[in-house]
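Below you'll find the structure, written out as structure tokens, and then a few comments.
The values are calculated or read from the model by the stated rules, or taken from the named source; none is laboratory data. Note that the structure is predicted; figures quoted are calculated from it, not measured. Ideal geometry is used to build each Cβ from the backbone, glycine not excepted, and the neighbour counts take in all protein chains shown. When the accessible area is computed, the model is the full protein with side chains, heavy atoms only, and any ligands, DNA or RNA have been set aside. Shrake-Rupley method; radii C 1.70, N 1.55, O 1.52, S 1.80 Å.
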Amino acid sequence: MPSRKRLLSSIMPLALLAACSNARTDQAQPKGETAIGWAAPPRIDTVRRAPNGLTVSGRAGPGARVVLRGADDMAFAASADDAGRFDILMGAPRGDVLLTPETQTGQDAAPAPERLLILGDGQGPIALLTPGAASVRLDGAGALGAVDSDGRFLALSGQAQAGSSVRITVDGRPGAVAQADAGGRWTAVVGSSTGPARLGVGPRIYDFPGDGGATAQAARSGAGWRLAWEVPAGGRQITWLPDAQE
């Protein structure tokens, strides 16, 4: 089983997001190859639970070989169809795993910047962690899916009705208004300290436990899971994944 202490990745400070607090979560679609012929990395869209494991689905270049690579030589692979869609079937992981999606062309690999985080033997939170951006929950967490913090800003992401506005408060004060995209996903950035904060997302309230005590080992913190990520400049970023709410 991969050590939880290996769940480390370098990501850019969230301060870079302050100028785009209502940024959409959708990104440029993979085109399979760039203008100079290099393979483009894959994009993960969904993760579905099944009795015998998980199915990871997404998009890549038509016919591309897509691999999810983890620690200790862990790897799961499949080929995209003619439309660029792929489905990777994987057994239920043991413990917590962090996987890097990549496209393989011969001996070359094009890794995606995102990392797929799967906690609790596949029964806990599942999230796509993106350098310099809010994490995206893939396990149907609800209104608030993730909170990322660098000590100066909080980047929030969640799910709402497509096209709707989502009002966010911090300790009872107005924080931001986010716009859900066509898929219902939204992101927002608000100022914050490193301490605990009561976050309002529409009518729902979430108690963010703050940055204190977070480590590279994913662990329960408040009503959710929290872990710390190393930042290249020597700092760190905290990711908190709240428990799903009905």
Residue match in the stretch 29-45 (condition: open to solvent by less than 30 Å² (accessible area, probe 1.4 Å), at pLDDT 90 or above, of a type in the set (A, V, I, L, M) and within 17 Å of LEU117 (Cβ to Cβ)): yes
Verdict on ALA233 being among the small types (Gly, Ala, Ser), at pLDDT below 85 and in a loop (DSSP other than H, G, I, E, B): yes
Among residues of the stretch 42-69, those that are over 16 Å from the mean Cα position of the chain (by Cα) and touching a residue at least 60 places away in the same chain (Cβ under 8 Å), counted: 3
Test: residue in the stretch 75-91 that is open to solvent by less than 20 Å² (accessible area, probe 1.4 Å) and touching a helix residue (DSSP H, G or I) at 6+ places or on another chain (Cβ under 9 Å): yes
Tally of residues being without any contact (Cβ under 8 Å) to a residue 60 or more places away in the chain, open to solvent by less than 50 Å² (accessible area, probe 1.4 Å) and assigned to a strand (DSSP E or B) across the stretch 208-223: 1
Selection from the stretch 178-227 of residues that are farther than 19 Å from ALA133 by Cβ, hydrophobic (A, V, I, L, M, F, W, C) and out of contact with any Leu (no Cβ under 8 Å at 6 or more places or on another chain): ALA223
Test: residue in the stretch 54-70 that is modelled with pLDDT under 95, farther than 20 Å from ASP108 by Cα and open to solvent by 40 Å² or more (accessible area, probe 1.4 Å): no
